[in-house]
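Student: Have a look at this one.
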Amino acid sequence: MLGKCLENVRRISPLVHNITNYVTVNDVANAILAVGASPIMADEPSDAYEITAICNALNINIGTLNSRTIEAMFRAGQRAEELGHALILDPVGAGASQLRTDTAVNLMKKIKFHVIRGNASEIKTLFTGSGNTHGVDVSMADAVNDENLAFMAGFVKDFSRSSGSVIALTGAIDLISDGGKCYAIRNGRPEMGRITGTGCMLSGIMAAFIAANPENILEAAASSVCLMGLAGEIGYSHLLEHEGNSSYRNRIIDAIYNMTSETLERGAKYEIL
Amino acid sequence: MLGKCLENVRRISPLVHNITNYVTVNDVANAILAVGASPIMADEPSDAYEITAICNALNINIGTLNSRTIEAMFRAGQRAEELGHALILDPVGAGASQLRTDTAVNLMKKIKFHVIRGNASEIKTLFTGSGNTHGVDVSMADAVNDENLAFMAGFVKDFSRSSGSVIALTGAIDLISDGGKCYAIRNGRPEMGRITGTGCMLSGIMAAFIAANPENILEAAASSVCLMGLAGEIGYSHLLEHEGNSSYRNRIIDAIYNMTSETLERGAKYEIL
Amino acid sequence: MLGKCLENVRRISPLVHNITNYVTVNDVANAILAVGASPIMADEPSDAYEITAICNALNINIGTLNSRTIEAMFRAGQRAEELGHALILDPVGAGASQLRTDTAVNLMKKIKFHVIRGNASEIKTLFTGSGNTHGVDVSMADAVNDENLAFMAGFVKDFSRSSGSVIALTGAIDLISDGGKCYAIRNGRPEMGRITGTGCMLSGIMAAFIAANPENILEAAASSVCLMGLAGEIGYSHLLEHEGNSSYRNRIIDAIYNMTSETLERGAKYEIL
């Protein structure tokens, strides 16, 4: 099933519109290409609105939001919803400022996202409408671990039911739920946190997975999370002597590029709660 | 001749002003440095206007245009034309939205570009004032191939004559014409399409080539296209096991960095129609 | 002492807010992560103001300034000063346009920066309120060399005293002074000038060093300059056959990632004037 989701991405090659931050946008584009889909970026409101219509998916990431791009997010998001496109929200830094929290919360209110993907702090911020975030990383107290796994899975299920979106809370253990089942995924490596953009890349890839697998949104989201984590493991194993986080970034994207459905099926580490 | 164009870039080291998209801007800057020129980026209208004057070339790329940067494009473009600088237009996504089509068409009307470089869909959009684009890639029906080569070369020649610009329609086979001769270039590899920014990099490099070879604009444009394609071939040959599109991007820029005029002369694959 | 400064960065892991250009922002983020700190980017005025409060340092880089981000620079800068955060100014292209010169000069007037880091042309522009810059590179006549070392060190000391900021004039020889002592640092390689962003990365890293070493600002600034230059040397030694400037960029960031305080102490090449 997880491998089949990847095969569908490569067969259909969705065009993913990204309104995303300028920090990691290049990696997002190359990650989307690596997985077999195509990226396009447009964030001027009138342009973003129109570009939406020729795409199959919209990935909204608020990492470096401004008043112009916020307008583009709402206009493109509403258009994408009308057209039935795959819709992903990445609420980068929600909880770190009022503008980010309000924008993410309002986007959720106005637009029905298929998946909302963030770290524990961001997801909790959206749940409560307030919270705290140490930059874009989850604070220690917020991390999912073996002790709080059942509790956190319950939280993610609840939030999915109340929001009507699949919730993907990613970290050392990733939790993805549609309100019924909850995937707990253990792929990935801690060194991925020393690269900027692994979360952003995942959201872009996930948009392609949702677009290519509209009948299996939960599985498609889980498949993309396994793929990203597994690419992190494979990329790490390919690091040469003296290489660090910059080469690791390249080797992760390379691993996505070379990922087969068989490797994904074999390497995915998950349980369903 | 093609090698001589590269030598002139390295001897003169033009300063290239880029008003370009934020997706691939870093690669454009490093590609311009790799070829032996210098990049500068400015897109606030008053700043862009003034920065233009200290440069030798202006590369306008509409990939993530917005109302502010569009104003900068017109102001900088008109200033660059007054000053006799090399002027390149890369109409990314023309045909994909009205704003992109209109901006590109109006830039062509107001500013005399030395070269307009795009894929078949973008170039056809500019020719007809309308069209269709699957994202930023040329649709299959638009690709230049051995069957339609003569027809497409004729189209490029016609458009060059009517527009007064060298037209560089790039793809599996690249066509570059000044209305008289038409270069058909077969360097490059299909895997370059799996990297974001190879077209953007080429436009930035081409601006340096035009600035350094003002007496031989057609040859300079053709030389830069051969160089980019050949760098794609060389970079591909240097890929290590397990490497994919992210490493390929680096190895292409590296190949530009290490390109000699001899290698370029020897590796260029073209005919003149 | 220089090694101790790096250890403090890794122990404290400051959160560095960057209002920086979109050309090199990804490399700045990865370089900050490589050194052991965390980056965050925000440039919408209200967002930047609020994000400042959760950070330990602010790095202002005017490389692709616009009217919106300029407002963010002033608001975030004044907030960071009120909060006693580490404050760095990177006046990219000061002297190349009136907007850049005015913005940098006004930022200096309104905000007390711990360190102002630029090339000789930019620093001289700020000193005189006018000047000339060949793009973002120092013009030949402005370079620090063995002949003008004593004179330039005197200039840097003077400017530090009059401005109240540590001045870091970087180039083939780097000069860093607090008005009393002046470090002259000879780490680095000329090939670093063929990569975009080594200066921007240094400013981001330096912000982390200042935040983690508030009692030793001069030494912290000098330590970050030695680290960046040494990473340039080490990264160069790790280049494989056929690699060029794009791989060099990765290998420099990788070398920062793998830098130990012992390597830094042993490899730092400086004298105190």
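The values are calculated or read from the model by the stated rules, or taken from the named source; none is laboratory data. Since we're looking at a predicted model, the values are computed, not measured. Glycine also receives a Cβ, built like all others from the backbone with ideal geometry; neighbour counts cover every protein chain displayed. These accessible areas exclude ligands, DNA and RNA; they are computed on the full protein's heavy atoms, side chains included. Shrake-Rupley method; radii C 1.70, N 1.55, O 1.52, S 1.80 Å.
Student: If we scan segment B:83-92, do we find a residue that is within 13 Å of chain C (Cβ to nearest Cβ) and either free of Cβ contacts under 8 Å to residues at least 12 places away in the same chain or more than 16 Å from the chain's Cα centre (by Cα) (or both)?
Tutor: Looking through segment B:83-92, none of the residues is within 13 Å of chain C (Cβ to nearest Cβ) and either free of Cβ contacts under 8 Å to residues at least 12 places away in the same chain or more than 16 Å from the chain's Cα centre (by Cα) (or both).
Student: Considering every residue within segment B:178-199, establish whether at least one is over 12 Å from the mean Cα position of the chain (by Cα) and either at pLDDT below 95 or within 14 Å of chain C (Cβ to nearest Cβ) (or both).
Tutor: yes
Student: Say we look at segment C:73-96 and pick out the residues that are hydrophobic (A, V, I, L, M, F, W, C) and in a helix (DSSP H, G or I); which of these is most open to solvent (accessible area, probe 1.4 Å)?
Tutor: Checked segment C:73-96; the qualifying residue most open to solvent (accessible area, probe 1.4 Å) is C:Phe74.
Student: What are the pairs with Cβ atoms under 9 angstrom where one residue, in segment A:158-186, is in contact (Cβ under 8 Å) with a residue 40 or more places away in the chain and the other, located anywhere, is surrounded by fewer than 17 Cβ atoms within 10 Å (Cβ to Cβ) and assigned to a strand (DSSP E or B)? Sequence gap at least six, or different chains.
Tutor: Going by the 9 Å Cβ cut-off, the qualifying pairs are A:Lys181/A:Ile272; A:Cys182/A:Ile272; A:Tyr183/A:Glu271; A:Tyr183/A:Ile272; A:Ala184/A:Glu271; A:Ala184/A:Ile272; A:Ile185/A:Glu271; A:Arg186/A:Glu271.
Student: To continue, here is another question. Would you pick out the residues in segment B:22-64 that are free of Cβ contacts under 8 Å to residues at least 40 places away in the same chain and assigned to a loop (DSSP other than H, G, I, E, B)?
Tutor: B:Ala42, B:Asp43, B:Glu44, B:Ile54
Student: Can you tell me which residue within segment A:97-115, out of those that are touching an Asp or Glu at 6+ places or on another chain (Cβ under 8 Å) and in a loop (DSSP other than H, G, I, E, B), is farthest from the other protein chains (Cβ to nearest Cβ)?
Tutor: Checked segment A:97-115; the qualifying residue farthest from the other protein chains (Cβ to nearest Cβ) is A:Lys112.
Student: Still on this model: Could you tell me whether segment B:252-259 includes any residue that is in contact (Cβ under 8 Å) with a residue 40 or more places away in the chain and not in a helix (DSSP H, G or I)?
Tutor: Yes, that holds for at least one residue.
Student: Take the conditions basic (Lys, Arg), farther than 22 Å from A:Val25 by Cα and at pLDDT 95 or above and apply them to B:Arg68. Does it pass?
Tutor: no
Student: Further, regarding this structure: Just one of A:Ser46, A:Ser13 is at the interface with chain B (Cβ under 9 Å from one of its Cβ atoms) and open to solvent by 10 Å² or more (accessible area, probe 1.4 Å); which is it?
Tutor: Result: A:Ser46 is the single residue among A:Ser46, A:Ser13 that is at the interface with chain B (Cβ under 9 Å from one of its Cβ atoms) and open to solvent by 10 Å² or more (accessible area, probe 1.4 Å).
Student: Would you call C:Val28 buried (at least 24 other Cβ atoms within 10 Å of the Cβ), within 9 Å of chain A (Cβ to nearest Cβ) and within 20 Å of B:Thr24 (Cα to Cα)?
Tutor: Criteria met by C:Val28.
Student: Quick one: which residue in A:Ser67, A:Ser13, A:Ser46 is out of contact with any Phe, Trp or Tyr (no Cβ under 6 Å at 6 or more places or on another chain), under 26 Å from C:Pro39 (Cα atoms) and polar (S, T, N, Q)?
Tutor: Checking each option against the conditions leaves just A:Ser67.
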